[in-house]
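Report on one structure; see the data block that follows.
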Amino acid sequence: MHRIRLSGTLRPMMSGLRIAMVSLALVVAMSACASTIKPDVPKPVTGGVRFTYFAPTANTVYVVGSFNGWVKGATSMKREGKTGIWIAEVMLLSGEHTFMYLVDGKEWVVPPLAEDFVTDGFGQTNGVVIVR
Amino acid sequence: MNIPVWLVGLAMCLGASPVMADSLSNQDREEINRLRSAQGHSAEEVNALLEQVTKAGEKGIPTEPLANKVKEGLAKGVEPKRIDPVLRQLVTHFESAHDVLQESVSKGMVDSSGNRQRALEGLAEALSRGATAEEVRELAKTGQGAGGKVPQESLASGAKSLAILKEAKISAKDGAALVAEGLRQGYRSAELADLAREIKRRGPEFQQGRLNVQSIRDQVSKGQRADRIFRDGDHSGSGSGDRMDRSGSSDRGGRDDRGNSGGRDDRGSRPDRNGSGHGGRDH
C-alpha cells in the first residue's frame, strides 16, 4: 500500500482547504437553519402555536388577539436575527382565536397568513388561528 | 329552619333562574376599564356598552364574547359610540341563535345535551357570516341521521360550515345539502368546518367547474372522511390536496372543534390563507 507523502508546502495548503470546507459546510448548515424559519400561517409547535411575521423595519411587534384579551403588550414577538422575521410562541387553548399584529405600538396589521380571516366589524380584518 | 339556612336556600333558588343568566365577570370589567382608561375615554362612554353586555347576559346570552368585542374595539382605538352598533348586532345574532336552538330542541330535531354556550356561539357566528335562521332550521331537520337528533354543537358547526360555503360562492342549496350529508354521516364539528374551508380555498376550481359540490357530497354520503376527500380525489390535479390532512398530525387529529376551551370569536372570512381578498361578515 502506497502512502502519499505531502510535501512541506502542500500540508498547510490541505489544512487550509479543510478549514475552508468545514467553514463552508457550517455556513450552508446555518443558512439551512435560518431558512426553516419563514413567515407562515400560525403553526402548532412543541409548547404552543408559533406566530411568524415579516417586518424588517419594525422596532417592536406584538401579536394581539382574543386569546390575550386584546391587551396590546401581552405577547411580544422576538426578532429573529437579521432576517426581519418576528416570532412568538404562545400557549393557546383548543378552539379558534382571532388576532392581528401590532407594529411599533400603533399600527394594526392584518396577518398576511392565517387559516381563515374575519372582518372585525370596525373596518379591519382579523386572522384566525385554529387550534385542534 | 333557621334564618341563615333559609337565606341560603333563597339565594340558591334565585341563582338557578330558568334563563341561566350570565354575568359579566369582574376580570372582564376590569380589563375593559383598563383599556378605556388607556384610550382616554370617560367611564360614562363605556358604561353604556357594559350595560348592554349585562342586559344580554340576563337574557342568557354568554357575556364573554360580547366583552371580548368591547375589548377588541377599545384596544384598536375604536370610539365607544362606534363599538355600540357592532355590539348590538352581535347581541341580535345571539338572540336569533338562541331562538333557533330552542325551537329546534323543542321540535325534537336537536339534542340539547352538550355545551349550550359553544352551540350558541357557533350559531351566532354562522348567522353573522351569512347563514340565515331559516337555513339553520332546515339544517336541523335534514341533518338528522339514523342516530336521530342532531347534537346542538354539531348543528352549530354545520351552520358555520354552511356560512363558509356561501362565502365560497357555493349556493345555499348545494351547501346545505353537503353539510346535511356530513351531519348524517356523523362528521365531527372540526371535520365539517375543515371541509368547508378547504372548499373555500379551492373556490375558483368550483367556480370554473373543475370541482363540484355534488361529487364531494357523493363521497361524503359513501362514508368518505373529510381528510381523505381532497387527498384521494384531487379532481383538479392542481392542488396538493394535503391541506385537509389533519389526522396525520398527532396534535390535530380527532379533536372536536373548540375542544373544552370554548375559545370563540367573531368571524367573517377570506377565501385564502394568504389573504387575497375577503368576504364574510362582521360579528
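Each reported figure results from applying straightforward, stated rules to the coordinates on display, with no laboratory input. Keep in mind that this is a model prediction, so the values were computed, not measured. Using ideal geometry, Cβ is built from the backbone for each residue, glycine included, and neighbour counts are taken over all protein chains shown.
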**Message:** Given points 7 Å out from each Cα along the Cα-Cβ axis, report the B:Ala48 to A:Ile37 separation in nanometres with one decimal.
**Reply:** 4.7
**Message:** Can you tell me the convex hull volume per residue for region A:70-118, based on C-alpha atoms, in Å³ to the nearest whole number?
**Reply:** 108
**Request:** Give me D for region B:132-172 in µm² s⁻¹, whole number, from Stokes-Einstein with Rh from the Kirkwood sum over alpha-carbon pairs, 4 °C and 1.567 mPa s.
**Result:** 123
**Prompt:** Name the residues of region B:130-154 whose amide N is less than 18 Å from a point 7 angstrom out from the Cα of B:Lys107 along the C-beta direction?
**Reply:** B:131-146, B:148-154
**Prompt:** So what is the relative contact order for region B:118-245, in percent, with contacts set as C-alpha pairs under 8 Å and at least six apart?
**Reply:** 23
**Reciprocal mean inverse distance between Cα atoms of region B:65-136 - Kirkwood radius, Å** = 13.2
**Asked** How many Cβ atoms of partner chains, on average, are near each residue of A:96-108 if near means within 10 Å of its Cβ?
**Response** 3
**Request:** Could you go through region B:105-114 in sequence order and give the Karplus-derived ³J(HN,Hα) for each residue, using 6.51 cos²θ - 1.76 cosθ + 1.60 with θ = phi - 60°, rounded to whole Hz, and x for Gly and Pro?
**Result:** 5, 5, 7, x, 8, 10, 7, 7, 6, x
**Message:** What are the equivalent ellipsoid semi-axes of region A:38-131, built from the alpha-carbon gyration tensor (square roots of five times its eigenvalues), in whole angstrom, biggest first?
**Reply:** 18, 16, 12
**Asked** Which values of log₁₀ I(q)/I(0), to two decimal places, follow from the Debye formula for region B:116-205 at q = 0.10, 0.14, 0.16 Å⁻¹ with a uniform point scatterer at every Cα?
**Response** -0.20, -0.39, -0.51
**Item:** Shielding by other protein chains, A:70-78, mean Cβ within 10 Å
**Value:** 2
**Message:** I'd like the Karplus ³J(HN,Hα) series for region A:67-81: coefficients 6.51, -1.76, 1.60, θ = phi - 60°, whole numbers in Hz, and an x wherever there's a Gly or Pro.
**Reply:** 6, 10, x, 6, 8, 3, x, 5, 10, 7, 9, 9, 6, 8, x
**Complete:** As straight-line cross-link partners of B:Lys81, the qualifying lysines (C-alpha separation under 27 Å, not fewer than 8 residues apart within one chain) are A:Lys72, A:Lys106, B:Lys55, B:Lys59, B:Lys69, B:Lys71
**Request:** Please check which bits of region A:92-132 a label hung off A:Phe54 would reach, taking the label as a point 7 Å along Cα-to-C-beta and the cut-off as backbone N under 15 Å.
**Result:** A:111-114
